[in-house]
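The values are calculated or read from the model by the stated rules, or taken from the named source; none is laboratory data. On a predicted model such as this, the values are computed, not experimentally measured, just so you know. Every residue, glycine as well, gets a Cβ built from its backbone with ideal geometry; the counts of neighbours run over all protein chains shown. Just the protein is used for accessible areas: all its heavy atoms, side chains included, with ligands, DNA and RNA removed. Shrake-Rupley method; radii C 1.70, N 1.55, O 1.52, S 1.80 Å.
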Amino acid sequence: MPQDSPGLKSQYAERLAADLATNQTEQEQFTSQIAVLQAELSALQVDHEMLLSMQQALGAPPSAAPTVTDGNTEAPVPSDTPPGTTGAEPATIPAARQPRKTRKRADTKKKAPAPTTPRAGARSTSSGQPTLRELAGDHLTEQTEPRSVAEITSTLQKTHPERTLSPTLVRNALENLVSRAQAERTKQGGSVYYSATTSQYAPETPAPVPAQA
């Protein structure tokens, strides 16, 4: 282990000397404060003895030492109260309030009934305008052969210029019709074509009533 250099030792010595001087100064300050307090205490004790002697010379009863009271002191016991009982009724400590159970507020709004699957040619009654799926379904029912997404998009853009239509939106609407069995998807080479299902709009015929015997 290398030895400390002379310069480092001198720095340590100076710091230790400064700390010792500070410690000595603080001791002297506390010693002087203790001496002052001790002198004041002695003077108070002398005054106390003198006051007691004057009180005894006057024949006055010694005054009781003042007691520090707080709000928790018991009420005085009345003279007609039987021994061993207090005049004040015991305070009833209320039970801790139990936290109210949180109740889930019932939804006052009635849930809208699940929308029934509309036919592709039906018109939306909520907004007054047909949905894109309905427009695509109507267009397919008017065609006699399968149509591509580009052809359907071009036709709908011409017939409904007020609406913003894109091939992606039209394709999604057509796939929705396919998932609902309201349209058919066929492939010819590398292209995909859509057509309306043949039984989609066939009127429902009532079941035949069996002839009575």
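Give region 45-61 a look and list any residue that's surrounded by fewer than 10 Cβ atoms within 10 Å (Cβ to Cβ) and either outside any helix (DSSP H, G or I) or touching a Pro at 6+ places or on another chain (Cβ under 9 Å) (or both), or say none.
Within region 45-61, Gly59, Ala60, Pro61 meet the criteria.
Given the structure, is Leu174 among the aliphatic types (A, V, I, L, M), open to solvent by 30 Å² or more (accessible area, probe 1.4 Å) and modelled with pLDDT of 85 or more?
Against the criterion (among the aliphatic types (A, V, I, L, M), open to solvent by 30 Å² or more (accessible area, probe 1.4 Å) and modelled with pLDDT of 85 or more), Leu174 does not qualify.
I'd like the full set of residues that are surrounded by 19 or more Cβ atoms within 10 Å (Cβ to Cβ) and farther than 22 Å from Gly190 by Cβ, limited to region 139-155.
Answer for region 139-155, where residues must be surrounded by 19 or more Cβ atoms within 10 Å (Cβ to Cβ) and farther than 22 Å from Gly190 by Cβ: just His139.
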